[in-house]
Amino acid sequence: MKFNLVIDKSKDEEVTATVHGRSPLTDRIETLVMQYSKTDRIPAYTEDEMLSLPFSEIEYVFSEDGKTFAAASNGKKYRIKMRLYEIEELLPSFFIRINKSALANERRIERFSAVFSGGIDAVFKSGSKEYVSRRCFAEIKRRFSEK
């Protein structure tokens, strides 16, 4: 592995890593860069407050009735004033699509459980559940088998 640091005050700061595949090291580097650049949080709202919600506290983000919400590890749901596709561009790579209207933090998924109807639910550490589509589950299985 090589390390190269270029200090040039005339250019914008950027971090680029060329790796053979994802690893705990690449995940940690991504987290450090996002924390340093203050892009590891998203504005979230309840009826009476606004807060800066860290990505690590989000279990999943979902759309419902044309509005976007984030389910946090504390069991609360917060309104996010962005579209799901806009949020998907901001979120780090440990967020994965689990169905057409939801993205999940794979670090907060405790397990997958089969549902009586033949579907699959993602069960999060807080105990909440969200439906996983068959199409997305194939990608999730591939991603988890690589680790």
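The values are calculated or read from the model by the stated rules, or taken from the named source; none is laboratory data. Note that this is a predicted model, so its numbers are computed, not measured. Note that we place each Cβ from the backbone using ideal geometry, even for glycine, and neighbour counts take in every protein chain shown.
A few comments on the model shown:
- Options ILE87, ILE98; residue that is over 16 Å from ARG41 (Cα atoms), touching a residue at least 40 places away in the same chain (Cβ under 8 Å) and not in a loop (DSSP other than H, G, I, E, B): ILE98
- Boolean, GLY21 is over 16 Å from the mean Cα position of the chain (by Cα) and either closer than 21 Å to PHE124 by Cβ or among the β-branched types (Val, Ile, Thr) (or both): no
- Tally of residues being exposed (fewer than 15 other Cβ atoms within 10 Å of the Cβ) and in contact (Cβ under 8 Å) with a residue 40 or more places away in the chain across segment 101-117: 1
- Any chance GLU110 is part of a helix (DSSP H, G or I), modelled with pLDDT under 95 and more than 18 Å from ASP27 (Cβ to Cβ): no
- Residue count, segment 88-143 (criterion: within 15 Å of the chain's Cα centre (by Cα) and of a type in the set (Phe, Trp, Tyr)): 3
- Inter-residue pairs, beta-carbon under 9 Å, first farther than 19 Å from SER23 by Cβ and in contact (Cβ under 8 Å) with a residue 60 or more places away in the chain and in segment 118-147, second basic (Lys, Arg) and in a strand (DSSP E or B), 6+ apart: ALA122/ARG111; ALA122/LYS129
- Scanning segment 46-65 for residues being within 20 Å of the chain's Cα centre (by Cα) and loosely packed, with under 11 Cβ neighbours inside 10 Å gives a total of 2.
- All positions within segment 1-32 that are farther than 24 Å from PHE144 by Cβ and in a helix (DSSP H, G or I): none
- Within segment 90-122, being touching a Ser or Thr at 6+ places or on another chain (Cβ under 8 Å) and more than 11 Å from TYR60 (Cβ to Cβ) holds for LEU90, PRO92, LYS100, ARG107, ILE120, ASP121.
- If you check ILE80, ILE87 for being of a type outside the set (S, T, N, Q), in contact with a Phe, Trp or Tyr (Cβ under 7 Å, 6 or more places away or on another chain) and modelled with pLDDT of 90 or more, only one passes: ILE80.
- Identity of the residue in segment 18-33, hydrophobic (A, V, I, L, M, F, W, C) and surrounded by 11 or more Cβ atoms within 10 Å (Cβ to Cβ), that ends up modelled with the lowest pLDDT: VAL33
- In segment 34-53, the qualifying residues are those that are assigned to a strand (DSSP E or B) and closer than 19 Å to LEU84 by Cβ, and the one that is modelled with the lowest pLDDT is ARG41.
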